[in-house]
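Enquirer: Once you've had a glance at the structure underneath, I'll fire off some questions.
The values are calculated or read from the model by the stated rules, or taken from the named source; none is laboratory data. As the structure is a prediction and not an experimental result, all values here were calculated from the model. A quick note on method: Cβ atoms are made from the backbone with ideal geometry, for glycine too, and the neighbour counts reach across all protein chains shown.
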Amino acid sequence: MHHYSHVPRTALLASALFFFSAATHAQLGAAKKEFTRADTLRGSVTPERAWWDVRRYDIQVSPDYNSRTITGSVILTYATLSKPATGRMQIDLQEPMILDSVFLLDGKRDQVPEKEVASAGMTPAVSGKAAAAIQRERLEFSRAGNLYYVETGTRQAGKEIHKIMMYFHGTPRRAVTPPWDGGWIWARDEKGRPWMSVACQGLGASVWYPCKDHQSDEPDQGASLTMTVPDSLVAVANGRLKHRSSVDGMASYAWEVVNPINNYTIIPYIGKYVHFADTLRGEKGKLDLDYWVLDYELEKAKEQFKQVKPMLRAFEYWFGPYPFYEDGYKLVQAPHLGMEHQSAVAYGNKFRNGYLGRDLSGTGQGLKWDYIIVHESGHEWFANNITTNDIADMWIHEGFTDYSETLFIEYHHGKEAANQYLQGLRKNIANDAPIIGPYGVNKEGSSDMYYKGANLLHTIRQIIGNDDTFRQILRGLNKDFYHQTVTSKQVEDYIAAKSGKKLSKIFDQYLRTKQVPVLELKTDDDKIKYRWTNVIEGFDMPVLLTDGTWLYPTTSEQKLKKDGLHATNLTVDPNFYVQVKKAD
């Protein structure tokens, strides 16, 4: 079973909302996967990916609901980072989708100044008068499983802008249990009308359109998505609606984002939608809030979506300005539970508080707010603003966003309620595998990236010891890595540097092993002996006792004189995610 997740699947298991057979559980616990050449081609920056950088996607798609097929085209604007050795370009498009033809659109090849190559400020090669001179040159290509090699030729020089037009069609993989087992979603609403969308995190955007399917390369100049659908339906996508036209019973909706965007969050939503809107006076001025829901859900949505403004206020306080003011903020009702699609967050929580009406923490704190509104919107900062190069590091998306729930509670309900919620989530931690997965093969680590990732951040917050410093680190991450892709190590080093704390061993312990540190405490006459066990070499995390005493354990036994006090009476601050072993 694949685990294409951004909402914790473990929560569904815990809530018994879906039934999984014993065979499925056996699959989940199967032996370590042997990676193939195809995994490397999908998950690494291959030579056929390295020489060019995506600048923009312009996607057009026409779905046929009855046949479950799609046809479309993509104009890919790219910059040559260096002169290609072979001119071979890797374009990802997963079977059974088919690439029909590829054309180089080169009426003119614009040289790009050196200073612009590293920026998002490149201008398209073909625009204005040059557009009239476009020459379509057909390019050869060949299939290699879930990708194609397109032969662009070696005449392209470094530091140029080019465009290719790709036509495609096929029957895209159908989502089985979206958003986890992803693909194209062909659903019907409660009135039996077509309702379509896509959920493809991890699985990849190439499940439905041709692209460079690697998280490290986002289109710096944004993307557009144009959907042609029966005019009885409405089509919604990321960013802002730029154009709508209708002819012969078919309507085309063109949407555009101007900011960089993850491939997997460029998403069509097609259904019998109605729209309502609001605005927020935020840190960067007026933020447009747009809501698209099925027509018969309008009144429920108007009530439930009142939670958006309090959520945004909390997150702007903790993380800094919403990262996509230019593209606005949207919630779009989806035929699945939810996903963090940038500026068009998928919402499927049935207008209920909690996670489909359940509290993942078991404390009651999770029933005071709508899980999908809070969690998926938290991803606008961690996943969409700051994106990991490799999904092995996806805890940067999920750990921080899972912790955003705790920070939301703290902002609105106080620290005690927040701590209670955070500690309640620990029952969902499996400690089955390291949080960070193997690199270069498009493979996530353990789903502990959610709850354990959040508890790691909360533990580090205790070590930092100053909530304002911690908040400034969160805001600093979103400012200094604004619209960038990163590695886990960059984020780890940033937090350590800004806090002035030694954190590398702590990150290694919690992210790269599955062991939870054990603090051993025992009484020896008038002294307390203590040390860390079940830890990596050199682990020396400080820990706070509930009586206000700080201990600085290492893997070697140390002593503390505590007159009349026994180890059994000592308790560790429960905000630290550790285990304690006591002996008198």
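Enquirer: Tell me which residues, restricted to the stretch 522-558, are in a strand (DSSP E or B), out of contact with any Ser or Thr (no Cβ under 8 Å at 6 or more places or on another chain) and either touching a residue at least 60 places away in the same chain (Cβ under 8 Å) or within 17 Å of Ile506 (Cβ to Cβ) (or both).
Expert: Matches in the stretch 522-558: Lys522, Val543, Leu544, Trp550, Leu551.
Enquirer: Okay, moving on. Within the stretch 517-535, can one find any residue that is at pLDDT 95 or above, assigned by TED's automatic domain parsing to the domain that holds Thr401 and on the phi > 0 side of the Ramachandran plot?
Expert: For the stretch 517-535, residues at pLDDT 95 or above, assigned by TED's automatic domain parsing to the domain that holds Thr401 and on the phi > 0 side of the Ramachandran plot: absent.
Enquirer: Among the listed residues Val61, Val45, identify the single one that is in the same structural domain as Lys163 (by TED's automatic domain parsing) and either hydrophobic (A, V, I, L, M, F, W, C) or over 27 Å from Pro194 (Cβ atoms) (or both). So that I can check it myself, show each step before the final result.
Expert: Values: Val45 fails: in the same structural domain as Lys163 (by TED's automatic domain parsing).
Just a single option satisfies the conditions, and that option is Val61.
Enquirer: Only one of these conditions is not met by Lys191: (1) touching a His at 6+ places or on another chain (Cβ under 6 Å); (2) assigned to a loop (DSSP other than H, G, I, E, B); (3) surrounded by fewer than 24 Cβ atoms within 10 Å (Cβ to Cβ). Which number is it?
Expert: The failed condition is (1).
Enquirer: Can you work out which of the residues in the stretch 58-106 that are over 25 Å from Ile267 (Cβ atoms) and among the β-branched types (Val, Ile, Thr) is modelled with the lowest pLDDT?
Expert: Result: Thr86.
Enquirer: Out of Ile495, Ile506, I need the residue that is farther than 18 Å from Trp381 by Cα and either under 29 Å from the mean Cα position of the chain (by Cα) or not aromatic (Phe, Trp, Tyr) (or both). Which one?
Expert: Details: Ile495 fails: farther than 18 Å from Trp381 by Cα.
Going through Ile495, Ile506 in turn, the sole match is Ile506.
Enquirer: State all residues of the stretch 41-79 that are outside any strand (DSSP E or B), basic (Lys, Arg) and either in contact with a strand residue (DSSP E or B) (Cβ under 6 Å, 6 or more places away or on another chain) or over 28 Å from Arg174 (Cα atoms) (or both); if no residue qualifies, say none. Step through it out loud before you land on a result.
Expert: Step one: of the stretch 41-79, the residues outside any strand (DSSP E or B) are 41-51, 65-68.
Narrowing further to those that are basic (Lys, Arg): 42, 49, 68.
Within the stretch 41-79, Arg49, Arg68 qualify.
Enquirer: If you don't mind, there's one more thing I want to ask. Quick check on Thr387: is it crowded, with 24+ Cβ neighbours inside 10 Å, out of contact with any strand residue (DSSP E or B) (no Cβ under 6 Å at 6 or more places or on another chain) and under 21 Å from Arg475 (Cα atoms)? Reasoning before the result, please.
Expert: Details: crowded, with 24+ Cβ neighbours inside 10 Å: yes; out of contact with any strand residue (DSSP E or B) (no Cβ under 6 Å at 6 or more places or on another chain): no; under 21 Å from Arg475 (Cα atoms): yes.
The answer is no for Thr387.
Conditions (1) surrounded by fewer than 24 Cβ atoms within 10 Å (Cβ to Cβ); (2) on the phi < 0 side of the Ramachandran plot; (3) modelled with pLDDT under 95; (4) assigned to a strand (DSSP E or B), marked per residue:
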position	(1), (2), (3), (4)
Trp195	yes, yes, no, yes
Val198	no, yes, no, yes
Tyr209	no, yes, no, no
Ser224	yes, yes, no, yes
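Enquirer: List the residue pairs whose Cβ atoms are under 9 Å apart, where the first residue sits in the stretch 466-477 and is farther than 12 Å from Tyr317 by Cβ, the second is at pLDDT below 95, and the two are 6 or more positions apart or on different chains.
Expert: Correct list of pairs: empty, since none qualify.
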